[in-house]
Amino acid sequence: MGRRKIEGFHLAEGEYRFAEIVWQNEPMKSGQLAALAESSLGWKKSTTYTVLRKLCNRGILQNENGLVTARITREAARRMKSAAVVEHAFDGSLPQFVAAFVGSNPISPKEAAEIRAILEEAERGL
């Protein structure tokens, strides 16, 4: 069906929690980020700056003159992670993913209606 592959996007659990700190507090000084990472994640300052550098190099965060911001939104990160899971675990098949999910997780009529609305919008290209 021509699904677009999301190559190379992956946030490990710790990286995602770190990015969450940025998303919740941006823009923020790198020193403030180090303090929050220490209190929230138990990270040393050196760990914070190592992970910050890695995420900047991967285009997820940005550190300009000590001011840290996100280059992608939380929602975009979630979409990319979801697409990567579908691609990896279900060979890119969204129907297989949905079947696996609902096969073990009953959904309410309200949830089914919300999913139908999302699918209808996607089908129309919105």
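The values are calculated or read from the model by the stated rules, or taken from the named source; none is laboratory data. Computed from a prediction, not measured in an experiment: that's the story for all the values here. Heads up, the Cβs are rebuilt from the backbone with ideal geometry, glycines too, and the neighbour counts pull from every protein chain shown.
With (1) of a type outside the set (S, T, N, Q); (2) touching a helix residue (DSSP H, G or I) at 6+ places or on another chain (Cβ under 6 Å); (3) at positive phi as the list, and G42 as the residue in question, which single condition is left unmet?
Result: G42 passes all but (2).
Under 8 Å between Cβ atoms, which residue pairs at least 6 apart in sequence (or on different chains) link something in the range 74-102 that is more than 19 Å from L119 (Cβ to Cβ) with a partner that is among the acidic types (D, E) and at pLDDT 85 or above?
So the pair list comes out as R74/E20.
Can you tell me how many residues within the range 52-102 are under 14 Å from V22 (Cα atoms), of a type in the set (A, V, I, L, M, F, W, C) and either under 17 Å from the mean Cα position of the chain (by Cα) or not assigned by TED's automatic domain parsing to the domain that holds F18 (or both)?
8
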